[in-house]
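Accompanying notes for the structure given below.
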Amino acid sequence: MSLPAATRETTGAQKLFDLAHDATNQCVQCGYCLPACPTYESMGREAASPRGRINLVKMAAEGKIDVLQDLAKPIDLCLGCRACEVACPVGVPYGHILEAAKEVIADAESVQPSAGRGSKLKQMVLSHLFPYPRRLRALGNLVWVYQKLGLDKLVRKTGLIRLLPQPMAAFEKVLPRLESPAKRTRRGTVIPAKGVKKASVAFFAGCVMDAMMHRTNRLSIELLSLVGCEVIIPAGQNCCGALHAHQGLADEARELAKANIEAFEQTGADFYVNNAGGCGAILREYDHLLAGEGEWAERADRFAAKSRDITEILVQYGPLPFQQEWEGVITYQDSCHLRNVQGVVTPPRQLLQSIPGATFVELEGSDSCCASGGIYNLLHFEHSMKILDAKMEKVKDTNAATIVTTNPGCLLQMKLGVERQEPAGEMRALHIVEVLAEACGIE
């Protein structure tokens, strides 16, 4: 189908048709996705469901509705958790439809500035901060100084925190305590395996993880070394590009992907390991991101095939040498992109269940999104908190002292959930790497 030139120019319908129309036709309208969708469950509207969004994308691709006026809001309200893909009996690639829609919406906003004012700050941050590791590390260093000098306590005590937008004020309270920047593992470093070398792995440090959670990265490297992995930190690695792809900046995501492929190929490692479910998902989908780009597509295929979550490697080359008995109940909240995109469900649970003394209790609805959604909780704070508060009621039912997850955004969201439910309580929200390291006696 070819749409009139005027329609193509003003709405992006032709590009959307080329990118996603065939995929939308795979949907058989059965509705199996509806109960799996957190926004449909929360809002109760067809336009807030995967089926509804697919139909809207199809209509926009056919030029029947406007990309900005009719499609942008329903797409923006999607968490992108992709639980619908697991529920779908015919394998509709909803995630690819979603990102095609976001790409076309971003294009439309770029030529109609008045329609896209809210996206300007996002684009500035994504284009001028995340692709530059040094800038991100500098930001992380500033946060460390802010915490080290006690300025965080001062802004709360004086009420200055209230000057921040509500989402930023809320998440400022639950920022992790940053380690000294001097402890950050330098890129270009090779950490030898302890004992017999079983494998060589290249570690993906990430952007947010490297800047704000480098302690978790350091602990990840130590755990990998403990199970016999030589760990290489590629010097030329960059942001994975997930946030760019999720916000419609596909060209920037592709450039970041190419930089990472080159950096990791040079290591000659057996596997490429990450500790963030959201990053890992797009690393495994570089083959889709670079499809049709000749040599890059082939290199992306090989890259995706070597990508692993850290829990998979720790199970494969373990067991871990636990040194301490764990006290209390542990529960686990799945990272949506680790579970639904990467298909990693058992390894995190297997590791937690193997900790001496730990009582693992499965969380009801652990496969349902916590509503972090990358930066969704910043853009749609109230709706995100509605979903989170319902999640925390399920967490309380487990009587857990520790709730564990495998993604930085999910971790901050669960920390905020704990803060909202019991600010003076003893429940902890931790990354799985922190839990395993603690049980191994690593500080």
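Values in this text are rule-based calculations from the coordinates and carry no lab data. Only a predicted model underlies this, so the values are computations on that prediction, with no experimental measurement involved. Every residue, glycine as well, gets a Cβ built from its backbone with ideal geometry; the counts of neighbours run over all protein chains shown.
Taking other Cβ within 10 Å of each residue's Cβ, how do TYR146, TYR272 sort, fewest first? List each step's numbers first, then the result.
Working: TYR146 16, TYR272 27.
Ranked by crowding around the Cβ, least crowded first: TYR146, TYR272.
What's the FRET efficiency of LEU151 with GLN316 using the Cβ-Cβ distance as r and R₀ = 35 Å, to the nearest 0.05?
Values: r = 43 Å, r/R0 = 1.24.
For LEU151 and GLN316, the calculated efficiency is 0.20.
Taken one residue at a time, the phi angles of region 339-349 give Karplus couplings (6.51, -1.76, 1.60, θ = phi - 60°) of 7, 7, 9, 8, x, 9, 10, 6, x, x, 5 Hz. Gly and Pro are set to x. The string of couplings for region 94-103 from the Karplus curve (6.51, -1.76, 1.60, θ = phi - 60°) is 4, x, 6, 5, 4, 6, 5, 4, 5, 5 Hz, one whole number per residue in order, with x for Gly and Pro.
For the peptides 212-223, 167-178, what is the packing order when you average, over each peptide's residues, the other Cβ atoms within 10 Å and list the highest mean first? Intermediate values should be presented prior to the final figure.
Working: 212-223: 23.0, 167-178: 16.2.
Highest mean packing first, the order is 212-223, 167-178.
In this rough spin-label picture, where each label sits 7 Å from Cα along the Cβ direction, the ARG162-GLU426 distance is 3.4 nm.
Absence of a disulfide-compatible partner, taken as no other cysteine beta carbon within less than 4.7 angstrom, is noted in the chain for CYS27, CYS30, CYS37, CYS78, CYS88, CYS229, CYS370, CYS410, CYS440.
Only helical runs count toward this figure. For the chain, summing -39,500 (n - 2.57) over DSSP H runs of n ≥ 4 and dividing by all residues gives -15000 deg cm²/dmol at 222 nm. Looking at the square roots a ≥ b ≥ c of the eigenvalues of the Cα gyration tensor of region 357-420, which shape do they give, rounded for a/c under 1.5, prolate if a/b is larger than b/c, or oblate? Prolate, since a/c reaches 1.5 and a/b exceeds b/c. Averaged over residues, the count of other Cβ atoms within 10 Å places the peptides 316-322, 240-246, 159-165, 306-312 in the sequence 240-246, 306-312, 316-322, 159-165, highest first. In terms of its C-alpha gyration tensor, region 228-280 comes out oblate, because a/c is 1.5 or above while a/b does not outweigh b/c. Over all directions, the projected convex hull of the C-alpha atoms in region 5-115 averages 6.4 nm² in area.
Computed over the Cα atoms, what is the radius of gyration of region 242-343 divided by 2.2 N^0.38 Å, N being its residue count? List each step's numbers first, then the result.
Working: Rg = 16.1 Å, N = 102, 2.2 N^0.38 = 12.8 Å.
Against the empirical 2.2 N^0.38 Å value, I get 1.26 for region 242-343.
Can you give the angle from 0 to 90° between the axis of helix 117-128 and the longest principal axis of the chain, with both taken from C-alpha atoms, to the nearest 10? Value to nearest ten degrees: 50. Report the local net charge at PRO356: Lys and Arg +1, Asp and Glu -1, summed over other residues whose C-beta lies under 13 Å from its C-beta. Counting the neighbours of PRO356, the net charge comes to -3. For PHE203, what residues show an amide H to amide H distance below 5 Å, using hydrogens built from the backbone and excluding near sequence neighbours? Amide H to amide H, under 5 Å and 5 or more residues apart or across chains, PHE203 pairs with ILE232, ILE233, VAL273.
Need one word for region 136-202: rounded, prolate or oblate. Basis is the Cα gyration tensor (sqrt eigenvalues a ≥ b ≥ c); a/c below 1.5 gives rounded, then a/b vs b/c decides. List each step's numbers first, then the result.
Numbers: a/c = 3.50, a/b = 2.92, b/c = 1.20.
Judged from the Cα gyration tensor, region 136-202 comes out prolate (a/c at least 1.5, a/b above b/c).
Listed values for region 257-269 are Karplus-derived 3J(HN,Hα) couplings in whole Hz (6.51 cos²θ - 1.76 cosθ + 1.60, θ = phi - 60°), namely 4, 5, 5, 5, 4, 4, 5, 7, 4, 5, 7, x, 6, and x replaces Gly and Pro.
Ratio of Rg to Rh for region 298-415: 1.01 [Cα atoms; Kirkwood radius as inverse mean 1/r over pairs].
Inter-part distance, region 57-118 to region 405-442, computed on C-alpha centroids, equals 33 Å. Semi-axes of the equivalent ellipsoid for region 127-257, computed as √(5λ) from the eigenvalues of its C-alpha gyration tensor and ordered from largest down, come to 31, 21, 11 Å.
Grab the beta carbon distance between GLN69 and ALA297, set R0 = 51 Å, and tell me the FRET efficiency rounded to 0.05. Mind showing how you got there, number by number?
Details: r = 35 Å, r/R0 = 0.69.
Once rounded, the FRET efficiency stands at 0.90.
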